1. Lys and Arg at +1, Asp and Glu at -1: add these up for the other residues within a Cβ distance under 12 Å of A:Asp123 and post the number.
2. For the stretch B:20-26, just list the computed ³J(HN,Hα) in residue order, Karplus coefficients 6.51, -1.76 and 1.60, θ = phi - 60°, integers in Hz, with x standing in for Gly and Pro.
3. Averaged over all directions, how much area does the convex hull of the C-alpha atoms of the stretch A:129-206 cover when projected, in nm²?
4. Tell me which residues come under 5 Å, amide H to amide H, from A:Leu147 once H is placed; ignore anything under 5 positions away on its chain.
5. Describe numerically, in nm with one decimal, the distance between label points set 7 Å from Cα along Cα→Cβ at A:Arg185 and at A:Ile197.
6. Between A:Glu9 and A:Ser80, how high is the FRET efficiency from 1/(1 + (r/R0)^6) when r is the Cβ-Cβ distance and R₀ = 45 Å? Nearest 0.05.
7. Of A:Val63, A:Ala164, A:Phe111, which is farthest towards the positive pole of chain A's charge dipole, taken about the Cα centre with +1 and -1 on the beta-carbons of Lys, Arg and Asp, Glu respectively?
8. Can you tell me which aspartates and glutamates have their Cα less than 17 Å from the Cα of B:Lys155? Leave out same-chain residues fewer than eight positions away.
Amino acid sequence: MMGDRNAVEEIEDILSARTHDAAAAARAATAAARVSARMAAEGLADVSYAPVDSPFGPLLLAVTKRGLVRLAFPEEHPDSVLERLASTISPRIVEATASLEPARRELEEYFAGQRRAFDLPLDWTLSSPFARRVLRATARIPFGGVLSYAQVASRAGSPRGSRAAGNALGSNPIPIVVPCHRVLRSGGALGGYGGGIERKRWLLELEGALAPGAGPG
Amino acid sequence: MGASLPPFQRFLDSYRDDVWRLLRASVHSGEVDDCFQETFIAAMRAYPRLRPDSNLRAWVLTIAHRKALDAHRARVRRALPVADPASLDGRSSSEERTPPARDERLWEAVGELPARQRSAVVLRYLADMKHREIAQAIGCSEEAARRSLHEGLAKLRKVVIA
């Protein structure tokens, strides 16, 4: 017969055992994935996100009920991207691959050279009114075309705002889909790119706007 | 940037194991998944109104505990036996794990405790809550929570010693 004290300790040990239970953890993970998918499908989530493969590595894509709101390159830390979305849009954010399927498919086609324009609805929430005008003007530059910063500023209604336009393009929350890579310096030099100048060159070559390996820069 | 709530997905990933364990100890095996879904759906609805400095773990485990009580009540309404050792969660199924018989008897005894004692034991040992937090979760005084825990443990002790 066991002493009272020992018995209680034993009860405590059994009940609060922290031993890793792999089967239970797997079930919890499956249940969590199901609840995330359900929240996205039922409109309970304000933002859904998923990683999407690309030639640049895994991109982080996020959509709201309005449309694609964010595309982040691999080196932008996913945790901090999601934290920013939580504080600026809503903390109701879940991972839901199904919600990102249209965007994933269009990007895959684009990178395979089979798509020249994106049909995805866009959510401009993350951009200021001025940045929105600049980005909308940028979104109208066709595949294979380029404009200068000054031209984009002019089309956004601020002919003298090419520096401000450059800043707006530099903080484009939806690169690639909103093709800020199609905006160059007036002399034809590549200018900057939030995702790195090599990616800008690569995208322009993919679109035939720049001869492979021979472009200015 | 000031304190803000983590993205819900991170909250879900952080506490899904704790919620699963608490529910597995509190309701029948066939009810765990439904209670898990309902717990996080309820959490999602209330999430944006939560203060960023809240104890998220205690909060979600309190919701899980409430969903477990709902499941018990629904079962009583359906006039099914409250404690059916054969169906008391998945622990008895060998596919999950095969604990020693004494563990098994203990978990069965937890399921057979009166509601408040069961709540106190589960919240103390599966949610690591302090007496004050248990009292808040159950909606009773701290002293009553302490007493329920004590009474529950006394019954469980008989099972272990037997």
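1. Details: positive: A:Lys65, A:Arg66, A:Arg70, A:Arg132; negative: A:Asp46.
The answer is +3.
2. Going residue by residue, I get 4, 4, 4, 5, 4, 7, 10 Hz, with x marking Gly and Pro.
3. Result: 4.4 nm².
4. Amide H neighbours of A:Leu147, under 5 Å, 5+ apart: A:Val183, A:Leu184.
5. 0.8
6. It comes to 0.55.
7. A:Ala164
8. A:Asp4, A:Glu9, A:Glu10, A:Glu12, A:Asp13, B:Asp103, B:Glu104, B:Glu108, B:Glu112
Since every read-out is calculated from the coordinates, none of them should be taken as a lab result. Note that this is a predicted model, so its numbers are computed, not measured. Quick reminder, even Gly has a Cβ in these numbers, built from the backbone with ideal geometry, and neighbours come from all protein chains shown.
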